[in-house]
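Quick notes on the structure that follows.
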Amino acid sequence: MEEAARTFTTLFSRALEENFPERHCRVVQLRYGLIDGRYHTLEQIAERYHLTRERIRQMVAKSLRIIRMRGRKNLAQGNTTRACAALLLYVQQLFKQEEPGYLDRMIAFAQGALPHLPQQSIALPLLVSLLCPLEQESGCLRDLLERSALEAARGLGPAGEKAGTPVHQASQPRPLSGRVVSPGDRPQPGAQEADGGHPPERSDRGRRRGRLGAHRLKSAVRTNRRRF
């Protein structure tokens, strides 16, 4: 993975240097941590170069758009020696979009080769912009982000608990008081059979409520009979 990361960084930097002025290259390199492996926000870069945050965002987006456009044009002409074409060709061979599992390969590459970048907002969109055609970019990015979220969810327990939480703890019901109900407190399926097939005796209040309910039911039956 380290070798793949170095190759990607080298090709990306070459594509920038071949197509943009030095200042523009520096802005994009800082954004993606191509120089020192440190991620810089738009605000940090804007403050350094005395530009607005929006202007920095436009410069980064323009660089990716031009690299993709010129790289695809060079590949269509069979010219693989240009920097943009070499970068796109490397990304295509790395992920092999036509083969199953390319989304998983992109996620693994982003985590291993670009760990300094925010994965969902920076690393994965960068790879998609270099791999997918413009008309497929939004759909590919949506599928990739959904896949990434699914992979992240797999690191949690069955009830959303952290990995390593015992299953019986994660699945225990919680009453309104917030106290975890232990398995010994739960009613067992064979409790009635163990007591001779009779349910547990009710309290005095429960018996009174039962008699009152039966009395009301009898009264309602008598009333209906009188009506008919």
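Under a plain spin-label model, where a point goes 7 Å from the Cα along Cα-to-Cβ, how far apart in nm are ARG154 and ARG14?
3.4
Suppose every K and R has +1 on its Cβ and every D and E has -1 on its Cβ; what is the size of the dipole of segment 2-153 about the Cα centre, in Debye to the nearest 20?
620
Fewest Cβ neighbours within 10 Å first, please rank TYR39, TYR49 accordingly.
The fewest-first ordering by Cβ neighbours comes to TYR49, TYR39.
What is the fewest-to-most order of HIS40, HIS50, HIS116 by other Cβ atoms lying within 10 Å of their Cβ?
HIS50, HIS116, HIS40
As a footprinting exposure proxy, order ILE107, ILE35, ILE122 by other Cβ within 10 Å, with the fewest listed first.
In order of increasing Cβ crowding within 10 Å: ILE35, ILE122, ILE107.
Rounded to the nearest 0.05, what FRET efficiency do SER121 and GLN77 have when you use their Cβ-Cβ distance and R0 = 22 Å? Numbers along the way, then the final one.
Working: r = 34 Å, r/R0 = 1.54.
Approximately 0.05, to the nearest 0.05.
Test of understanding: what is the full-extension gain from MET69 to ARG105, defined as 0.36 nm times their sequence separation minus their Cα-Cα distance? Working shown, then result.
On the way: separation 36, 0.36 × 36 = 12.96 nm, distance 2.38 nm.
Difference between extended and current length: 10.6 nm.
Give me the distance in nm between label points sitting 7 Å out from Cα along the Cα-to-Cβ direction at GLU146 and THR41, one decimal.
Distance between label points: 3.1 nm.
For segment 2-153, what is the convex hull (Cα atoms) projected area averaged across all directions, in square nanometres?
Working: hull surface 36.0 nm².
Result: 9.0 nm².
Relative contact order for segment 2-153 using alpha-carbon pairs under 8 Å, separation at least 6, rounded to a whole percent?
Result for segment 2-153 is 22 percent.
Throughout, read-outs are computed from the coordinates displayed, never taken from laboratory work. From a predicted model like this one, the values you see are computed outputs, not experimental measurements. Neighbour counts are summed over all protein chains in view; Cβ atoms, including those assigned to glycine, are modelled from backbone coordinates with ideal geometry.
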